[in-house]
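One structure, as structure tokens, below. Some questions next.
The values are calculated or read from the model by the stated rules, or taken from the named source; none is laboratory data. Values in this document were obtained by computation on a predicted structure and should not be read as measured data. Cβ sites come from the backbone with ideal geometry, for glycine too, and all protein chains shown count toward neighbours.
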Amino acid sequence: MKKISLIITMALLVLLTVSAAAQEPVEIEFWHAMGGYNGEVVNDLVERFNESQDEVHVKSQNTGSYNDTLTKTQAAVQSGSAPHIVQIYEIGTQVMVDSGIIIPIEDLGRDVVGDNTFDWGKFLTPVSNYYNVDGKLHSMPFNSSTPLLFYNKDAFREVGLDPNDPPQTFAEMVEYAEALTIRDEDGSIERYGFTLGIVGWFVEQMAANQDAQLVNNNNGRDGRATESYLDQEAVVRFIELWKEMVDQGIMLNPGRGWDGANQAFLSGRSAMIIESTASVGRFTNGLEEMDDQLGTAFLPRPEGVDRGGVIIGGASLWAIADHPQEELEAAWKFLSFLSEEEQQVDWFEKTGYFPVTKAAVEKEMNTQFFSESPNHLTAFLQLLLSKKAVSTQGALIGTFPEVRQIVEEAVEKTLQGDMTPQEAMEEASARVDRSLEQYNSLYQ
Amino acid sequence: MQKQDFKTHKSVPYLLIMPSMLILSLFLYWPTIQSLILSLYRNAPFGSIKIYVGMQNYFTLFSDPAYLASLIRSALFVFITIFGGLIVSLMLALLVNKKLYGIKVYRTIFFIPYAISPTVAGSLWVFLLNPVAGHVNYILELLFNVQVPWLTSGVFAFTAVIIASIWKNMGFNIIFFLAGLQSIPDSVYEAAEIDGASSFQILKDITIPLLSPTTFYLIIMNIIFTVFQTFGIIDIMTQGGPADATNMVIYKLYRDMFINFRPGLAAAQSVILLGLVLLVTFFHFKFGSKGIHYQ
């Protein structure tokens, strides 16, 4: 009798362990480029997902900057240890499409997993348009932002400008910046009217804002881009404005990157700045600390030019194909979790990146979020009022990271006075053409 | 007694160097061979496409004015950094060679920059030279009422990177100069003083010639340091800009590899760099003991 009960217990134990093993969650890896505070928000989202169910466990890892993440993904793919989901910046889109290692999320959701309940129309059109390649959504929109003109309302009042009448055209930018610049008795500048970090992104956006394309073949959307439009009027006009304002001493050149310009605006050394919409929260708080009030406006454009609009920037999440079926299913579960309303609202309110789904925007409308923070509304309206065209859909360029560097160098050459804007952009354009030719020749 | 017969134990020396050979091959020789091979190909990002192109990457490089310019720029940078660095270090070494109370504290202070990472060093200089909130411009403004565009103008950015590199490597040079100075016997100085030599003559005719082995060694080490180790400082301070003014060979290599996704071209650049370092090392071995005053 005793023996039998022992055997039964043993058998039960074995059964239990086996079934426990069967319930062991599927583990997937998620690489992202969100550091600092935004990184914590990402980790919170991952944790919330892990706690919400016990079939999938997501391991998130910060892999450095956007560029580092792309490089590390390349290395990982070649050594056979690729993650399941990876966050890639918008300008890495073409290279990911060409990589041959990804599975478009529309294929993942529809065909691999067979999820028929997912609403593919739930994303904001300007957002999904960017990541839509060959008629298919290739990656899950995640952190999205556009540039916006920020200004210090108190600085406007101080010099007699109407704080509710921000500059709208290039000519007005010069006029306003002139008025906002303060020089001391020695002639050295205490406050600049405007500042802008040398970042290629702004040049791309300024072209789109004039409804101009960056490269041929409909911004690389109809076929591989082979020719750059950097030397055309839209871009050159903006670089000319940039140089003119810096030369006149009404605009601070803080050098390459974001930090210098940010510091200048937050410390009151500059009265206006163009920066990412993801900075609305930070700038609002920063100016409040100085007892100043933040204003926002759409990007300026040259007089008499029709308004194009802004291109969505930021990054999206890509699924890597070479994994077993159950891990792909797990990856899909996590991706669709992130696109749910609750997570989107949370992400937006904590980081300032746009919510990318219509439901989340509606929710924010209903909770009066926009009437309480009008600067977020400016950011939204600028995006939603953008013309639906290839110019604002954004360019697809295989060597986009390199193109950005070439543009930044050209701006530096102009500002240093080595070349005129036209010359610098012609040189840049020729370099981009060569870069495109080399890249395209690999895929022939 | 067992007889020690080396003829029958021919394999022993090989066995003994095995561990270090293994490590060297794994971490040095194998990657070197890999770069050599890689430099003969053109690769698509993610390695999905690989096209054999022979020496084309090298031809591309040497017909690219930007690469030739970066070679010349790097040579100029290395020359100024080493020349300036060694003079400053020698002067400081002479000062901290004095037998003063608490001199060890000073020696440590001068050595600290060498111990911190290039990233931290670069960030410190960015803070100091920041056009908006930097201390250097603040002081210049107070004293001379000038604002220097440190990192946004080519000439100044080049100067700034040189200053940062000299500062960073100073500690290493001072330590070696100090050791060199202390190995010069006091009797030589005493004799010179008795003969009535001035302190400048002592420096010119005794200290500097007797330090020449140290100086030579430092020049070689500094060449290698400045070519490779400035990467971190440049990456943090200027990212090769503005308009390529600080784009040295090592930084261009990094950009081609990790931003422009041209592994073949980057590998070719690393092979060229390897060649240059081999040349310097050869020069070191060949002439290291000639024309230099050893006691």
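Name the one entry in A:Thr195, A:Thr226 that is in contact (Cβ under 8 Å) with a residue 60 or more places away in the chain and away from chain B (no Cβ under 14 Å).
A:Thr226
Restricting to region A:255-305, give me the number of residues that are in a strand (DSSP E or B) and either within 14 Å of chain B (Cβ to nearest Cβ) or within 29 Å of B:Val148 (Cα to Cα) (or both).
The number of residues fulfilling the criteria is 7.
While we're looking at this one, here's another question. Inspect all residues belonging to region A:262-283 and state whether any of them is at pLDDT 90 or above and closer than 30 Å to A:Leu442 by Cα.
no
Cβ contacts < 8 Å: first residue without any contact (Cβ under 8 Å) to a residue 12 or more places away in the chain, restricted to region B:182-194; second residue surrounded by 14 or more Cβ atoms within 10 Å (Cβ to Cβ) and part of a helix (DSSP H, G or I), any location; separation 6+ or different chain. Result?
That search, which allows pairs on different chains as well, returns B:Glu193/B:Ile202.
Please work out if A:Tyr151 is modelled with pLDDT of 95 or more, away from chain B (no Cβ under 14 Å) and crowded, with 16+ Cβ neighbours inside 10 Å.
Taking the combined requirement at face value, the residue satisfies it.
Going by the structure shown, is A:Leu70 over 25 Å from A:Arg404 (Cβ atoms), touching a residue at least 24 places away in the same chain (Cβ under 8 Å) and not polar (S, T, N, Q)?
It is false that A:Leu70 is over 25 Å from A:Arg404 (Cβ atoms), touching a residue at least 24 places away in the same chain (Cβ under 8 Å) and not polar (S, T, N, Q).
Taking interchain pairs and intrachain pairs at least six residues apart, which have beta carbon atoms under 7 angstrom, with the first residue in region A:320-335 and outside the structural domain of A:Thr69 (by TED's automatic domain parsing) and the second of a type outside the set (D, E, K, R) and surrounded by fewer than 19 Cβ atoms within 10 Å (Cβ to Cβ)?
none
Would you check which residues across region B:218-246 are farther than 16 Å from B:Met170 by Cβ, of a type in the set (Ser, Thr, Tyr) and either within 10 Å of chain A (Cβ to nearest Cβ) or in a helix (DSSP H, G or I) (or both) and list them?
Correct list: B:Thr238 only.
Let me confirm something: among A:Arg237, A:Arg301, which residue is touching a strand residue (DSSP E or B) at 6+ places or on another chain (Cβ under 7 Å) and basic (Lys, Arg)?
A:Arg301
This table checks each residue for (1) crowded, with 23+ Cβ neighbours inside 10 Å; (2) modelled with pLDDT under 95.
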| site | (1), (2) |
| --- | --- |
| A:Asn216 | no, yes |
| A:Arg221 | no, yes |
| A:Val236 | no, no |
| A:Leu241 | no, no |
| A:Met245 | yes, no |
| A:Leu252 | yes, yes |
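Does A:Gly308 fit the bill of being part of a loop (DSSP other than H, G, I, E, B) and either touching a helix residue (DSSP H, G or I) at 6+ places or on another chain (Cβ under 6 Å) or over 24 Å from A:Met206 (Cα atoms) (or both)?
yes
Go through the residues of region B:82-99 one by one and say whether even a single one is assigned to a helix (DSSP H, G or I) and farther than 14 Å from B:Met170 by Cα.
no
Find the helices (runs of 4 or more DSSP H) located wholly in region A:353-404 whose residues include 2 or more that are surrounded by fewer than 20 Cβ atoms within 10 Å (Cβ to Cβ), and list them.
Passing ranges, in order: A:358-366, A:369-372, A:374-384.
Using beta carbons and a limit of 6 Å, which pairs, at least six apart or on different chains, have the first residue in region A:85-106 and free of Cβ contacts under 8 Å to residues at least 40 places away in the same chain and the second one part of a helix (DSSP H, G or I) and crowded, with 20+ Cβ neighbours inside 10 Å?
Every condition considered, the pairs that remain are A:Ser99/B:Phe46.
Just checking, which of A:Glu437, A:Glu426 is modelled with pLDDT of 95 or more and away from chain B (no Cβ under 12 Å)?
A:Glu426
Considering region B:36-58 alone, what residues qualify as being at pLDDT 90 or above, more than 14 Å from chain A (Cβ to nearest Cβ) and out of contact with any strand residue (DSSP E or B) (no Cβ under 7 Å at 6 or more places or on another chain)?
B:Leu36, B:Ile37, B:Ser39, B:Met55, B:Tyr58
Working only within region A:163-179, note down all residues that are of a type in the set (A, V, I, L, M) and either surrounded by 21 or more Cβ atoms within 10 Å (Cβ to Cβ) or closer than 20 Å to A:Asn375 by Cβ (or both).
A:Met173, A:Ala177
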